Amino acid sequence: MGTIGILLFDGLEELDAVGPWEVLAAWTRQWPDDGWSVTTVAQDGGLVRCAKGLVLQAEHSWADAPPLDVLIQPGGMGTRRQLVDETYLGWIRARRAVRFCGRMRCFWRSRSSSTPLAWRTQRE
């Protein structure tokens, strides 16, 4: 069984989170025997306001999130704050992540190596 997490944060682009959620949720419901689930995670849990005003409710906070096999980082103006947030960068360092939309700067910043995280296939 695997768990896919979609990271939510203020300022994320709506489509970058909702689009993957819709596709992945349909897959996990239509083929439950594949053993995957999808969830949403925000630093403190609760509500986040997206770039164009949509408000989303995270299912988990970082503290109570299940172990994530894949983490999807949406893009958006909210990623600018993440580039200098050592708490965020440390949390990302501890997880495998896949760039689904947006820029890779947060992931590059969170790594000590110059290899983009989305190109990696194994946990370090």
Hey, can you tell me all the residues within region 77-86 that are in contact (Cβ under 8 Å) with a residue 40 or more places away in the chain and not basic (Lys, Arg)? 77, 78, 79, 82
Identify, please: which residue in region 49-72 is in a strand (DSSP E or B) and at pLDDT below 95 and is, among those, farthest from residue 1 (Cα to Cα)? 72
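Can you tell which of 100, 107 is modelled with pLDDT under 90, in contact with a strand residue (DSSP E or B) (Cβ under 7 Å, 6 or more places away or on another chain) and within 15 Å of residue 4 (Cα to Cα)?
Just one listed residue meets the conditions, 100.
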Give region 12-35 a look and list any residue that's crowded, with 18+ Cβ neighbours inside 10 Å and not in a helix (DSSP H, G or I), or say none. 12, 13
Taking first residues from region 1-19 that are touching a residue at least 12 places away in the same chain (Cβ under 8 Å) and under 16 Å from residue 29 (Cα atoms) and second residues anywhere that are assigned to a helix (DSSP H, G or I) and of a type in the set (A, V, I, L, M, F, W, C), the pairs with Cβ under 6 Å that are 6 or more apart or on different chains are 4/24
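When you scan region 46-53, do you find a residue that is more than 12 Å from the chain's Cα centre (by Cα), of a type in the set (A, V, I, L, M), closer than 23 Å to residue 85 by Cβ and buried (at least 21 other Cβ atoms within 10 Å of the Cβ), even just one? Break it down stepwise before answering.
Restricting attention to region 46-53, the residues satisfying the condition of being more than 12 Å from the chain's Cα centre (by Cα) are 46-53.
Filter again for of a type in the set (A, V, I, L, M), leaving 47-48, 51.
Filter once more, keeping what is closer than 23 Å to residue 85 by Cβ: 47-48, 51.
Next, only the ones that are buried (at least 21 other Cβ atoms within 10 Å of the Cβ) stay: 48.
For region 46-53, residues more than 12 Å from the chain's Cα centre (by Cα), of a type in the set (A, V, I, L, M), closer than 23 Å to residue 85 by Cβ and buried (at least 21 other Cβ atoms within 10 Å of the Cβ): present.
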Being over 13 Å from the mean Cα position of the chain (by Cα) and in a loop (DSSP other than H, G, I, E, B) is the filter; apply it to region 1-11 and report the residue that is nearest to residue 78 (Cα to Cα). 11
Does region 37-44 contain any residue that is at pLDDT 95 or above, part of a loop (DSSP other than H, G, I, E, B) and touching a Gly at 6+ places or on another chain (Cβ under 9 Å)? no
Run down 67, 74 and say which single residue is surrounded by 12 or more Cβ atoms within 10 Å (Cβ to Cβ) and either without any contact (Cβ under 8 Å) to a residue 40 or more places away in the chain or not charged (D, E, K, R) (or both). 74
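Quick one: in region 73-97, of everything that is within 12 Å of the chain's Cα centre (by Cα) and among the polar types (S, T, N, Q), which residue is modelled with the highest pLDDT?
73
The values are calculated or read from the model by the stated rules, or taken from the named source; none is laboratory data. The model shown is predicted, which means the values in this text are computed figures rather than measured ones. Neighbour counts are summed over all protein chains in view; Cβ atoms, including those assigned to glycine, are modelled from backbone coordinates with ideal geometry.
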